[in-house]
Amino acid sequence: MAGKGLGLVVLLLLAARGAGEPRGCEAVRKVFQLRQLGPLRGVPDSPRAGVDLQVCTSKNPTCCNKKMEERYQTAAKQDIQQVIQTSSATLKFLISRNAAAFQETFETLIRLAENYTSTLFCNACRNMAAEAATRIQEFFTDVGLFIFGTDISTEEFVNRFFDNLFPVVYNHIINPGQTDISLEYAECLRMARRDIRPFGNIPKKVIGQMGRSLLPSRTFLQALNLGIEVINTTDHLHFSKDCGRALLRMQYCPHCQGLTLSKPCMGYCLNVIRGCLAYMAEVDLHWQAYIQSLEELSSAMRGTYDIEHVLLNFHSVVNDALIQARVHRPELSEQVNKVCGPPVRKPAQSPSCSFDQNKDNEGLKMFSRDSEETLANRRKEFISHLRLYRAFYGGLADQLCGNELAAADGLPCWNGEDVVRSYTLRVVGSGIKAQFGNPEVKVKGTDPVINQIIDKLKHIIQLLQSRSFPKYYNWDLRQTGSGGSLDEEISGDCDDEDGCGGSGIGEVKRVMKITD
C-alpha cells in the first residue's frame, strides 16, 4: 500500500507540472538498467536536446537519444507480444492439454477394442485365433490411421477386414478340414466375398457405424489442433511500422520526459492496441463460430454414433458375422464351389492363441470413472471451459488495456504528449473497418497471415458442420417411425432371419464399466 501511495503522489506531482523538462535522468537510467534494455553508457546523465529523435520528439530537453529510442521501440514490441502470449496461455494450455488427452483416449479405445476382438476368437473360435489376429491388428491399425488424419477410406478398410476374414472363416467354420486351404484358393475367397456375402448385411452396417463415429472424432481432433495453430499464429503476430511507433510513443516516450511511472490513459491505450490488433480482431467472428461448431458436434457425438460405443462393441458385431456364416454354411459352401471350385488344401499349420488377456491392464485404469459416459463427459467439460473464451479475440485489446497497460480511472495518465487528467480524442472500435479515423495508428489493408488462419477456421467450421455428421440425423429414438428404431437400422447386430444368436462376449456399454 505504501508503494502504491508513493506512486500516486509522484504521478500527481508530475501531472501538476506537466511533462516539462526532466530534473535529471537518474530514474530513467535505473529503469533502463532494470529492464536490461542496453548499456548504461548510452543513457545521458542529464537532459539534453533531442534533435535526433524521430518518435519521442519534444521541445524540451530529454533523457533519450536515438540509440535509446531504437531500443525502446524493440522493447515496446516485445512487451506487447509478451502480454498477448500471457493472456492466451491459459486458453492454449486448455486446448493443447485436451487435444493430447483425447488422442490418448482414442489410442486406448482402439487398443481395448482390438483386445476384445482377439479375446472373442480366443474364447469362442480358438482354432482360428492365430490366423484372425493378423486381420484384427491390420483393421485397428487402419482405424487409428483414419482417426489421426491419414487419408484412407472407412469403407475400404472395413471391406478389406471382412475380405481377409472370409478365407479364415471358410477354412474353420464353413468347410473345416484337416489341412489348410492354399494361398491361391484363399485369394479367390477374398475376391468373391462381396458377391457371396457370407456375413450378410453386417459389413455394410459396420461401414455405416465406422464412418459416422470415426469421422466426427477425427474432425474433432483436427479442430483442436487447428485451435492451437490459431493461438500460436496470433501469439507471434507481426506488427506494422506504424503500430511499432505508436507502441513506442505510448510505452516509453514518457520515459524520455522522466515520467517512468506514468501509464497511458484508457482511451489512448485502446486506440493504440485496437489499432495494432485490428487484424487479430478479424479472427473474432470465426473463432466464435469455431467454438459453437465444436460444441454442437460434441453434443451430437453420442448414442450409436459414439466412437466409444462403436469400437468397444465391434467384437460383438464380428461374433454376429461368425454366427451368420456358421448358420448358413451349407448354402455358402455350395456358392463357394461354384465360384472357386472345391477347396485346394495344403499341410496345416499349428494355430494357437497367443493373445495375452492381461495385456494393457494398466491402460484400463484410466477408464475407471464414476460417471456413465466417460468420453461424452470429458468433451462436455472441455467445451464448457472453452466457451468462456468465445470472445477472446474480439475483447483482447480491452482486456490488455484494462488489466495490464492503462492507468486506472481517475488517475493522471499519459496521452502521447503529456500527463493529463483524461484522454480527449475519439476512441475507435475493434477490427479493421473501425480503424478509419484512429488518431493514434494507421491501419492499411489486411494481414495475409491472419487471412490464412481465417481460411483454415472457415474450412474446419465447414467440416464440423458437415452433413455427414450425426447432428443432422434424427436422434430421438422414439420418433424413428415405422420399420424399427434407428439403433436397429445402423447397429451391427443381425436379426433372427439371418440366423444369428447372442454375442459370445456380450455388449460393452461404456468404457467405465471395465476395471482392471
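The values are calculated or read from the model by the stated rules, or taken from the named source; none is laboratory data. Nothing here was measured: the structure is a model prediction, and the numbers come from that model. Neighbour counts run over all protein chains shown; Cβ positions are idealised from the backbone, glycine included. When the accessible area is computed, the model is the full protein with side chains, heavy atoms only, and any ligands, DNA or RNA have been set aside. Shrake-Rupley method; radii C 1.70, N 1.55, O 1.52, S 1.80 Å.
Answer yes or no as to whether P167 is out of contact with any Asp or Glu (no Cβ under 6 Å at 6 or more places or on another chain), in contact (Cβ under 8 Å) with a residue 12 or more places away in the chain, part of a loop (DSSP other than H, G, I, E, B) and not basic (K, R).
So P167 does not fit the description; no.
From the set of residues in the stretch 24-41 that are touching a residue at least 40 places away in the same chain (Cβ under 8 Å) and part of a loop (DSSP other than H, G, I, E, B), which is least open to solvent (accessible area, probe 1.4 Å)?
Filtering first and then ranking leaves C25.
Regarding the stretch 69-82, can at least one residue be identified that is within 19 Å of the chain's Cα centre (by Cα), among the polar types (S, T, N, Q) and open to solvent by less than 50 Å² (accessible area, probe 1.4 Å)?
no
Could you tell me whether L261 is out of contact with any Cys (no Cβ under 9 Å at 6 or more places or on another chain) and surrounded by fewer than 24 Cβ atoms within 10 Å (Cβ to Cβ)?
yes
Kindly indicate which of S430, S466 is in a loop (DSSP other than H, G, I, E, B) and surrounded by 22 or more Cβ atoms within 10 Å (Cβ to Cβ).
S430
Taking the residues in the stretch 400-410 that are buried (at least 18 other Cβ atoms within 10 Å of the Cβ) and over 31 Å from the mean Cα position of the chain (by Cα) as candidates, determine which candidate is nearest to V441 (Cα to Cα).
Ranking the qualifying residues of the stretch 400-410, first place goes to A406.
Restricted to the stretch 99-121, and to residues that are under 28 Å from the mean Cα position of the chain (by Cα) and open to solvent by 20 Å² or more (accessible area, probe 1.4 Å), which residue is nearest to R190 (Cα to Cα)?
E114
Any residue in the stretch 189-217 that's within 25 Å of F148 (Cα to Cα): show its pairings with residues that are among the charged types (D, E, K, R) at Cβ separation under 6 Å, as long as the two are six or more apart or on different chains.
I207/E155
Could you please find all residues in the stretch 212-234 being under 21 Å from H286 (Cα atoms) and open to solvent by 10 Å² or more (accessible area, probe 1.4 Å)?
Listed by number, the residues that qualify are R218, Q222, N225, L226, I228, E229, N232, T233.
Only one of (1) modelled with pLDDT of 95 or more; (2) surrounded by 16 or more Cβ atoms within 10 Å (Cβ to Cβ); (3) of a type outside the set (A, V, I, L, M, F, W, C) is not met by H385, so which one is it?
Status for H385: all satisfied but (2).
Pick from K4, K66: which is over 30 Å from T219 (Cβ atoms) and modelled with pLDDT of 85 or more?
Within the list K4, K66, the selection yields K66.
Going by the structure shown, is G481 modelled with pLDDT under 90, open to solvent by less than 70 Å² (accessible area, probe 1.4 Å), assigned to a loop (DSSP other than H, G, I, E, B) and over 30 Å from A246 (Cβ atoms)?
Yes.
Could you tell me whether the stretch 122-131 includes any residue that is surrounded by 21 or more Cβ atoms within 10 Å (Cβ to Cβ), within 23 Å of R193 (Cα to Cα) and at pLDDT 90 or above?
No, the conditions are met nowhere in the stretch 122-131.
Filter the stretch 294-316 for residues that are hydroxyl-bearing (S, T, Y) and surrounded by 20 or more Cβ atoms within 10 Å (Cβ to Cβ); which is farthest from F146 (Cα to Cα)?
My answer is S316.
What are the residues in the stretch 42-67 that are closer than 19 Å to T260 by Cβ, free of Cβ contacts under 8 Å to residues at least 40 places away in the same chain and of a type in the set (A, V, I, L, M, F, W, C), if any?
V43
Restricting to the stretch 145-157, give me the number of residues that are surrounded by fewer than 17 Cβ atoms within 10 Å (Cβ to Cβ) and either among the hydrophobic types (A, V, I, L, M, F, W, C) or part of a helix (DSSP H, G or I) (or both).
Residues meeting the conditions: 5.
Within the stretch 433-451, track down each residue that is open to solvent by less than 30 Å² (accessible area, probe 1.4 Å), part of a helix (DSSP H, G or I) and farther than 17 Å from C269 by Cβ.
Of everything in the stretch 433-451, just one residue is open to solvent by less than 30 Å² (accessible area, probe 1.4 Å), part of a helix (DSSP H, G or I) and farther than 17 Å from C269 by Cβ, namely I450.
Please specify each residue of the stretch 198-211 satisfying the condition of being open to solvent by less than 20 Å² (accessible area, probe 1.4 Å), assigned to a helix (DSSP H, G or I) and closer than 21 Å to L332 by Cβ.
I202, P203, V206, listed by residue number.
Using the structure shown, decide if S118 is farther than 28 Å from I383 by Cβ and free of Cβ contacts under 8 Å to residues at least 24 places away in the same chain.
No: the conditions fail for S118.
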